[in-house]
1. For the chain, find the longest principal axis of its Cα atoms and tell me its angle to the long axis of helix 51-79, 0 to 90°, nearest 10.
2. Can you tell me the FRET efficiency between residue 54 and residue 29 if r is taken as the Cβ-Cβ distance and R0 is 41 Å, rounded to the nearest 0.05?
3. Could you work out which residue, out of 42, 32, 12, moves most in a Gaussian network model of the chain, that is, has the largest mean-square fluctuation with Cα springs under 10 Å?
4. Just want the ordering: 2, 31, 55, from fewest to most Cβ atoms lying within 10 Å of their own Cβ.
5. Using alpha-carbon pairs under 8 Å, 6+ residues apart, how would you state the relative contact order of the chain in percent?
6. Run the quick spin-label model on residue 3 and residue 75: label points 7 Å from Cα toward the beta carbon, then report their separation in nm to one decimal.
7. How much length, in nm to one decimal, is gained on full extension between residue 43 and residue 15, taken as 0.36 nm per residue of separation minus their Cα-Cα distance?
8. Ranked by Cβ crowding within 10 angstrom, fewest neighbours first, how are 86, 26 ordered?
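Please treat every number below as a calculation from the coordinates, not as lab data. All figures in this text were calculated on a predicted structure; none of them were measured in a lab. Ideal geometry is used to build each Cβ from the backbone, glycine not excepted, and the neighbour counts take in all protein chains shown.
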């Protein structure tokens, strides 16, 4: 005895949808792949490798070293007898700005034992 087919097996609407889906799939398979297909996503790649994180940490460390070097150079210039104005011209900042930022550090260094101008 033959099994009866379900109602949807010969439904014309469902059959048309199935044929359209197969045609879309066939068309997609025959199209060339986009240029970026197969290459890793740059954001995911960066997250996985940690490249940006390492670069930011290195930049932070470089900036801290540069600030320390800058401060030491200003104080060394003052100890060498340069005026705030002369140091400011060399660094491209105003003498007032330098004086305001470093006057206490200069006073402390002068108060240290063994200070000789």
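1. In the chain, helix 51-79 runs at an angle near 10 degrees to the longest axis.
2. Values: r = 42 Å, r/R0 = 1.01.
Efficiency for this residue pair is about 0.50.
3. Comparing 42, 32, 12 in a Gaussian network model of the chain, the most mobile one is 12.
4. Working: 2 4, 31 7, 55 11.
Ascending number of Cβ neighbours within 10 Å: 2, 31, 55.
5. Details: 27 pairs, mean separation 15.7, N = 117.
Computed value for the chain: 13 percent relative contact order.
6. 8.9 nm
7. Details: separation 28, 0.36 × 28 = 10.08 nm, distance 4.26 nm.
Length gained, residue 43 through residue 15: 5.8 nm.
8. On the way: 86 14, 26 9.
In increasing order of surrounding Cβ atoms, one gets 26, 86.
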